[in-house]
Amino acid sequence: MQKIRINEILEKPIEEIPFLTISQNSFEPQIYNLPIYVGFVENLPKTVDAIVATSDLQGIVIQNDKEILLGEILAKTFPILFEMYFPNLELKRSIAILCGDLYTNLLKRGTSGNPINVWKEFSEIFKWTIGVAGNHDDFGDRIDELNQLTNVKLLLNETISVDKLTISGLSGIIGRSDKNFRLRDIDYYNSITKLIKKNPDFLLTHLSPAINSKQFIGDEKFTVILENGNPLISFCGHVHWDTNHSVVLANETQVLNLDTKVYILIDKNNFG
């Protein structure tokens, strides 16, 4: 199968979901919008109608005086979105990609907690829900509950094949190995190098590479490793890039930063 490529991402989001979060240098929740973009790809397997990718959904939506994680609300939105914009596509023939940090609360910025309800909501809607954990995700004892879902795969450090797609993933970030979902730098880089050698279509990480030419922050060594491998699509998050487009590296790898964004990637012939 030919490599999957992102050809275009529409400039304006098709919808936005308002949410509350505590922003940097603030102690009170502020209102933000989660944009949902449409992108066009080529060489998607015929068994897959769409790839939906997102990360860093650290927000809360208030419904009936109840605080609900932004990711739960987002998952419930997809049936409506597909009915409105993609009536010829099926969610049960689509794959969700989650790249970590799906929990928050309105008490303190950067709080860690259990995002399993977000994963469960996605699993009920999509054919497959595949992703990695971020450094603010803490599944605790319920990680076994997540692993029991037959159409869900949390990739700690592994490569899987679904629907003729090869997907590699490494959870966490670089940091003190005694902390939640953190690896020593040498272990992280070695793991990424080995995963890329599996020649995946998609590489899922919470950590983003650095793109110095565009002043997009991330990890510079990660960028070098990506550029030394075969071309792939890198889905990442953790830090926010002020763009909704993918960045093409020297070896034709495409990096799509998902931080507080949602992408619905489809074949252009299926749109409109």
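Annotations
- Assigned charges on the beta-carbon of Lys, Arg, Asp, Glu; the chain dipole about Cα centre (debye): 560
- Dividing the summed helix terms, -39500 (n - 2.57) for each DSSP H run of n ≥ 4, by the number of residues in the chain produces a 222 nm estimate of -5500 deg cm²/dmol to the nearest 500.
- Estimated distance in nm for a label pair at ASN43 and ASN212, the labels positioned 7 Å out from Cα along Cα-to-Cβ: 3.0
- Over 23 Å (Cα to Cα) - which of LYS164/LYS197; LYS197/LYS268; LYS3/LYS198; LYS153/LYS194; LYS76/LYS261; LYS76/LYS153 fall in this group: LYS197/LYS268
- Percent of Cα-Cα distances greater than 13 Å, calculated over the stretch 117-166: 59
- Two-site FRET efficiency, LYS197 against ASP65, from Cβ-Cβ distance with R₀ of 51 Å, rounded to 0.05: 0.50
- Rounded to 0.05, the FRET efficiency of the ASN33 and ASP187 pair, given R0 = 35 Å and the Cβ-Cβ distance, is 0.40.
- Cα-Cα separations in the stretch 67-175 greater than 21 Å, expressed as whole percent: 38
- Per-selection Kirkwood Rh - the chain (Cα, Å, 1 d.p.): 18.6
- Per residue value of the accessible surface for the chain (all protein chains in place, 1.4 Å probe), Å²: 46
- Each Cα pair under 8 Å and six or more residues apart adds its separation to the average, and for the stretch 1-138 the resulting relative contact order is 24 percent.
- The charge dipole of the stretch 149-272, taken about the Cα centre with unit charges on the Cβ atoms of Lys, Arg (+1) and Asp, Glu (-1), comes to about 220 debye, rounded to the nearest 20.
- The phi torsions of the stretch 97-111, fed into the Karplus equation with coefficients 6.51, -1.76 and 1.60 and a -60° offset, translate into couplings of 10, 10, 10, x, 6, 10, 10, 6, 9, 9, 9, 8, 5, x, 5 Hz, rounded to whole numbers, with Gly and Pro shown as x.
- Gain on full extension, evaluated as 0.36 nm per residue between THR166 and ASN88 minus their Cα-Cα distance, stands at 25.5 nm.
- Residues considered: ASN64, ASN33, ASN117. Largest GNM mean-square fluctuation over the chain, using C-alpha springs under 10 Å, is found at ASN64.
- Interchain or long-range residues, amide H under 5 Å from LEU258's placed H: CYS236, GLY237
- Taking the accessible area of the chain, probe 1.4 Å, and keeping the other protein chains in place, the carbon and sulfur fraction comes to 46%.
- Relative contact order (%) - criterion: Cα under 8 Å, at least six apart; region: the chain: 21
- Think of each Lys and Arg Cβ as +1 and each Asp and Glu Cβ as -1; about the Cα centre, that makes the dipole of the stretch 76-158 roughly 200 debye.
- Loop sites in the stretch 1-73: GluC sites (Glu not before Pro), DSSP, at most 14 other Cβ within 10 Å: GLU11
- If the chain linking ASN105 and LYS179 were pulled fully straight, counting 0.36 nm for each residue of separation and taking away their Cα-Cα distance, it would gain 24.6 nm.
- For the stretch 136-272, the Kirkwood radius over C-alpha pairs fed into Stokes-Einstein at 10 °C and 1.306 mPa s yields D = 100 µm² per second.
The values are calculated or read from the model by the stated rules, or taken from the named source; none is laboratory data. Being a predicted model, the structure only gives us computed values, none of them experimental. As a convention, Cβ positions derive from the backbone with ideal geometry for all residues, glycine included, and neighbour counts pool all protein chains shown. All accessible areas refer to the heavy atoms of the entire protein, side chains included, with ligands and DNA or RNA removed. Shrake-Rupley method; radii C 1.70, N 1.55, O 1.52, S 1.80 Å.
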